[in-house]
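Q: Got a structure for you, questions after.
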Amino acid sequence: MSHVPSAIPPTPDRSAPEPPRRHRVVVVGSGFGGLFATKELRHADVDITMVAKTSHHLFQPLLYQVATGILSEGEIAPPTREILAGQKNARVILGEVDDIDLEARTVTSRVLNRVTVTPYDSLIVAAGAGQSYFGNDQFAEFAPGMKSIDDALELRGRIFGAFELAEISDDEDEIDRLLTFVVVGAGPTGVEMAGQIAELAGRTLAHDFRRINSRHAKVILLDAAPQVLPPFGKKLGAKTQKALEKMGVSVQLGAMVVDVDEWGIEVQDKDGTRRRIEATTKVWAAGVQASPLGKLLGDQTGAPVDRAGRIAVNADLTLPGHPEVFVVGDMISLDHLPGVAQVAIQGGKYAAKEIKARLSDNKSPQKPFKYFDKGSMATISRFRAVALVGPLKLTGVVAWVMWLAVHLVYLTGFKNRLGALGHWSVSFLGRGRSERTATEQQIFARAALQRLEGGASDLVSSPGAYEATRDLLQASTRAELEATASEEARLTDARERGIRQESATA
């Protein structure tokens, strides 16, 4: 019988070139700069990895409405994955970036004991800014800022919780302290927050309590500056102050905060005198500090970093000596640009277009980045706002309608726009606020986590430690479940449910 040899598979040609790898773009941050840069690259021949410390895209200008019960957090912070679900060249990973190696071209991020290293060919850093306490970070425990969903939910709990505690108190001094709300910072966020708390106390909650009168609440707006809303000019600032005072807000200018504790706040006036304001609820809306990544990049490139942590960039938003690295948004120091959403949006788009141009046949660079100012707006209360659009200075209902329209346009997703419109109708045309749910967890969870040495990481096992104990956990859990099921079956079969024990054994 003849033997037929089996077919021998061909030896792979290891000298054959591998398929070309696509250009890798890493975007740090899921805010306006990062999101708009990623979306601008949706048709580009690149692979994008967005690394962000939260799983959502935050519409930060409306945080104060979450804090005061007008909007839900989901309406201003949709999941980033949902927004980019249809963009096949984009991937999103969760993690806070704590290192960028410009020589190795890698980004290192961490989340709950897990470390991820992501390589890049082009990098867009849009990590934004956080709250600045001007070297007094201990104030944050008693005066939350307004930069994150956690901030807004904690403040919601503190604000509505203050009214609840006042309702059950018999101490007039304590009631007065609970019903005093201090907002630090008379910029747009502070003005909007103070106006909404005043409206909440004077209108929304006016008929909800029996022992206290919410209209007796005091709202104080503090700032060391000599006027309200400095970026809007003196005229609009004066009109805003007058409107706030008409609502009952006490505007105290030239007052610098020097100490904050659980029960109050201490300020120093322009003449040097110090005084104390007894208040349980404090809101910090003064000052911003750029992401620590600015200093990290400055140390590696020699680029200057200012006191607010902003890094100086080239005219095309790149770092000196590293044309592959773009920095956009609140992190940059360039031409006195303001820290507003439009700077981040336009910068993100500019960086993405530059990357596309470099990868195309057209090698000519773009013109230097030029910011187009679309104006500034701030609400005071329902039907009252101020707007600065070029030479136009608008106030009242017209500015308020403009504010509504602009914010609806920039909210992400039709569902969120519709939801926001519905909630605004309820809150502004009526008295209700549908998002008033507040819990103790919202108020105290962050303080509890900060008391752990490693924060939330102390509450979870690392992957390796979990693997070592998993079998033991499964075995003990299985034994417990089996014992519980056997006892449940025995009780049913013996008909012992609902029968007194002595009767069952008699």
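The values are calculated or read from the model by the stated rules, or taken from the named source; none is laboratory data. Just so we're clear, the structure is a prediction, and the values are computed from it rather than from any experiment. Note that each Cβ is placed from the backbone with ideal geometry, even for glycine, and that neighbours are counted across all protein chains shown. For the accessible areas, the whole protein counts, side chains as well, though only heavy atoms, and no ligand, DNA or RNA atoms are used. Shrake-Rupley method; radii C 1.70, N 1.55, O 1.52, S 1.80 Å.
Q: Restricting to Cα pairs below 8 Å that are 6+ residues apart, what does the relative contact order work out to for the chain? Please round to a whole percent.
A: Relative CO of the chain lands at 17 percent.
Q: Given the rule -39500 (n - 2.57) for each run of at least 4 DSSP H residues, summed and divided by the residues of the chain, what is its mean residue ellipticity at 222 nm, to the nearest 500 deg cm²/dmol?
A: Calculated mean residue ellipticity at 222 nm is -10500 deg cm²/dmol.
Q: Can you give me the accessible area per residue for segment 344-392, using a 1.4 Å probe, in Å²?
A: Value for segment 344-392: 55 Å² per residue.
Q: Right, another one. So which lysines can Lys356 reach, going by Cα to Cα under 21 Å and dropping same-chain residues fewer than 8 places off?
A: Once the sequence-local lysines are set aside, what remains near Lys356 is Lys39, Lys88, Lys367, Lys370.
Q: Show me the ranking of peptides 252-259, 300-307 by mean Cβ neighbours inside 10 Å, starting with the highest.
A: Highest mean packing first, the order is 252-259, 300-307.
Q: So which lysines can Lys239 reach, going by Cα to Cα under 16 Å and dropping same-chain residues fewer than 8 places off?
A: Lys393
Q: Sequence neighbours fewer than 8 away in the same chain don't count; with that in mind, list the aspartates and glutamates whose C-alpha is under 16 Å from Lys234.
A: Output for Lys234: Asp223.
Q: Right, another one. Counting only protein heavy atoms, what percent of the accessible surface of segment 221-370 is carbon or sulfur at a 1.4 Å probe?
A: 54 percent
Q: If packing is taken as the average number of other Cβ atoms within 10 Å across a peptide's residues, how do 335-344, 56-65, 85-94 rank, most packed first?
A: So the order, starting with the most tightly packed, is 56-65, 335-344, 85-94.
Q: While we're looking at this one, here's another question. Could the peptides 27-36, 322-331, 424-433 be put in order, highest first, of the mean number of other beta-carbon atoms found within 10 Å of their residues?
A: Put in order of decreasing packing, that is 27-36, 322-331, 424-433.
Q: On to the next question. Can you say what percent of the DSSP beta bridges in the chain, counting only those with both residues inside, are antiparallel? Round to 5.
A: Here the antiparallel bridges make up roughly 50 percent for the chain.
Q: If you place +1 on the Cβ of every Lys and Arg, -1 on the Cβ of every Asp and Glu, and leave all else neutral, what size is the dipole of the chain about its Cα centre, to the nearest 20 Debye?
A: It works out to roughly 2340 debye.
Q: I want the antiparallel fraction of DSSP beta bridges within segment 168-307, as a percent rounded to 5.
A: Beta bridges within segment 168-307, antiparallel portion: roughly 40 percent.
Q: Could you work out the relative contact order of segment 57-200, using alpha carbon pairs under 8 angstrom and six or more residues apart, expressed as a whole percent?
A: Relative contact order, segment 57-200: 24 percent.
Q: Which percent, nearest 5, of DSSP beta bridges in segment 274-418 are antiparallel?
A: Antiparallel: roughly 85 percent of the beta bridges in segment 274-418.
Q: I would also like to ask the following. Please give the charge dipole size of segment 28-89, origin at the Cα centre, charges +1 on K and R Cβ atoms and -1 on D and E Cβ atoms. Round to the nearest 20 debye.
A: 60 debye
Q: Using alpha-carbon pairs under 8 Å, 6+ residues apart, how would you state the relative contact order of segment 175-274 in percent?
A: 26 percent
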